[in-house]
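The next block holds one structure in the form of structure tokens; read it before the comments.
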Amino acid sequence: MIIFSLITLTLYTFLIGSLYWGFTKVKTFKPHTRSNETSFSIVIPFRNEAKHLPELLHSISELDYSKNHFEILLINDGSEDISESIINHFTQTHRELQITLLQNKRHSNSPKKDAISLAISHAKCNWILTTDADCVLPKTWLNTFNAFIQGHPDCQLIVAPVTYFTTSKFLNIFQWFDVMSLQGATIGGFGIHQPFLCNGANLGYKKQAFYDVNGFAENDAIASGDDIFLLEKISKKYPESIQYLKSTDAVIYTHAQPTLKDLISQRKRWASKTKAYTNKFSQITGLLVLSTNALLICLFICMSFGDFSPTYFTGLCAVKFAVDFMLIYKSAVFFNQEKGLKWYIIIAILYPIFCSYVAVVSLFTSYAWKDRTFTK
């Protein structure tokens with residue numbers, strides 16, 4: 001058991017160390033140009049988002065970019081609240097903006113993929129930017145994307161940063177640590193030329209690239225994964241044309257899940273797509289991360305029954321916690337959110353339990369999302 005534990009932890013340390021090194025290799029981008037403005041079609045699916053839409057729409061109205069160089073495509077995915085009324089009122093009071101409200105047409109088991117595909121078929125611009133209805137966009141968002149595209153004319157897909165609004169609630173803090181880890185791994189993957197993660201809340205790609213890889217075909221039986229599967233497909237077709245936009249001027253903020261039940265449903269939704277990943281590095285990374293977290297749970301149980309040394313267990317935990325902290329710290333500094341790091345030890349102890357639990361329940365249960373139930 002000790003030898004197996006040491007091998008697993010060594011591999012895990014090498015993995016996270018590589019991502020940490022990769023993080024440092026991705027250069028921070030500082031936009032300089034405002035000329036030759038790129039035209040963007042901003043795609044935003046929504047369902048029952050009356051609570052968050054006013055905040056999103058206000059941030060759209062504040063975008064520091066030529067109004068005739070972007071359009072907003074909002075896709076109503078069967079909302080049962082006043083979301084559509086909020087959008088109609090906003091459209092009437094902001095006639096300077098090009099806003100199109102579409103009604104989603106379900107063709108698959110993935111409503112969000114259907115909504116995005118519908119919007120792209122109506123998009124007038126060559127560049128598609130996707131975000132979510134519970135997000136807030138920075139004023140500099142489009143300017144930063146434009147400058148980056150001007151400096152990378154051959155780019156087909158751009159992954160950009162996402163973080164949570166932070167509060168003093170413990171559940172929010174827990175999720176913030178998780179997103180810091182994911183963002184660190186995302187950036188690190190690009191730094192070692194193994195892009196394997198992205199977030200559809202801040203993603204850009206050429207419309208033609210979407211059609212060149214046949215959109216979401218072959219993946220639309222899985223409810224989630226509109227972002228990851230597209231990254232995999234475009235990366236395979238254009239391996240040298242995928243970039244990470246590492247800029248604080250492009251950071252999108254979103255809201256953490258309000259309840260533990262919602263958080264578990266979200267993570268089960270994310271877990272449901274992993275079996276369909278085709279990226280080998282992504283598969284290995286997911287397996288190693290899950291194995292390491294599950295290993296700590298197993299070793300703790302063995303230690304409780306006197307079958308494993310407390311000294312070895314403490315040492316293994318210390319190494320894992322230290323390695324994880326390095327990558328999370330890097331992310332926190334980039335996002336200028338270091339204040340949350342004081343909770344690290346508590347979160348580090350709880351996370352293996354949460355990770356292992358979600359992995360197990362996702363194998364045997366369905367999940368609910370946006371008032372709909374999806375099978376695993």
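The values are calculated or read from the model by the stated rules, or taken from the named source; none is laboratory data. Source: prediction; values computed, not measured. Note: ideal-geometry Cβ built from the backbone for every residue, glycine included; neighbour counts use all protein chains shown. Side chains included, ligands, DNA and RNA excluded: accessible areas come from the protein's heavy atoms. Shrake-Rupley method; radii C 1.70, N 1.55, O 1.52, S 1.80 Å.
Data table
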quantity	calculated
Computed FRET value (nearest 0.05) for Ser121 with Tyr357, which takes r as the C-beta separation and R₀ as 51 Å	0.80
Amide H partners (placed H, <5 Å) of Lys246, local residues excluded	Phe29
In nm, spacing of pseudo-spin labels at Thr13 and Thr248 (7 Å Cα→C-beta vector)	3.3
Electrostatic dipole magnitude of the chain [Cβ: Lys, Arg +1; Asp, Glu -1; Cα centre; debye, to 20]	480
Ordering of 346-354, 74-82 by packing [mean C-beta count within 10 Å, highest first]	74-82, 346-354
For Trp369, residues with placed amide H under 5 Å, excluding near neighbours	Phe374
Calculated FRET value between Ala322 and Ser39, using beta carbons and R₀ = 51 Å, to 0.05	0.65
Mean separation of Cα contacts under 8 Å (6+ apart) over length of the chain, as relative contact order %	22
Solvent-accessible heavy-atom area per residue, rounded to whole Å², over the chain at 1.4 Å	46
Tilt relative to the chain, helix 83-93 - C-alpha long axis, 0 to 90 degrees, to 10	40
Approximate spin-label separation Ile345-Leu171, in nm, with each point projected 7 Å along Cα-to-Cβ	2.6
In order through the range 238-249: 3J(HN,Hα) via Karplus (6.51 cos²θ - 1.76 cosθ + 1.60), integer Hz, x for Gly, Pro	10, x, 9, 10, 10, 10, 10, 8, 8, 8, 5, 6
Table column - 3J(HN,Hα) (Hz), the range 170-181, Karplus curve with 6.51, -1.76, 1.60, x for Gly and Pro	4, 5, 5, 4, 4, 5, 4, 4, 5, 5, 5, 5
Carbon/sulfur fraction of accessible area - the chain, other protein chains in place, 1.4 Å, %	60
By average C-beta atoms within 10 angstrom, highest first, the peptides 236-244, 109-117	109-117, 236-244
Selection from Gln92, Phe29, Gly17, by position along the positive dipole direction of the chain (Cβ)	Gly17
Charge dipole (the range 1-104, unit charges on Cβ, about Cα centre) - positive-most of Ile7, Pro54, Ile75	Ile7
Karplus 3J(HN,Hα) series, Hz, for the range 329-345 with 6.51 cos²θ - 1.76 cosθ + 1.60 (x for Gly, Pro)	4, 4, 5, 4, 5, 4, 7, 6, 10, 5, 4, x, 5, 5, 8, 4, 4
Crossing angle, helix 260-272 versus the chain [Cα axis fit, 0-90 degrees, rounded to tens]	90
Sequence-distant residues sharing a close amide H with Phe40 (under 5 Å, placed H)	Phe70, Glu71
C-alpha long axis of helix 228-237 to longest principal axis of the chain, angle in °	80
Cα-centre dipole for the range 14-100 with unit charges at Cβ (Lys and Arg positive, Asp and Glu negative), debye to 20	600
Helix-only CD estimate at 222 nm, as mean residue ellipticity for the chain, using -39500 (n - 2.57) per DSSP H run (n ≥ 4)	-16500 deg cm²/dmol
DSSP bridge orientation in the chain - percent antiparallel, rounded to nearest 5	35
Separation in nanometres of the label points that stand 7 Å from Cα toward Cβ, at Glu80 and Leu288	4.4
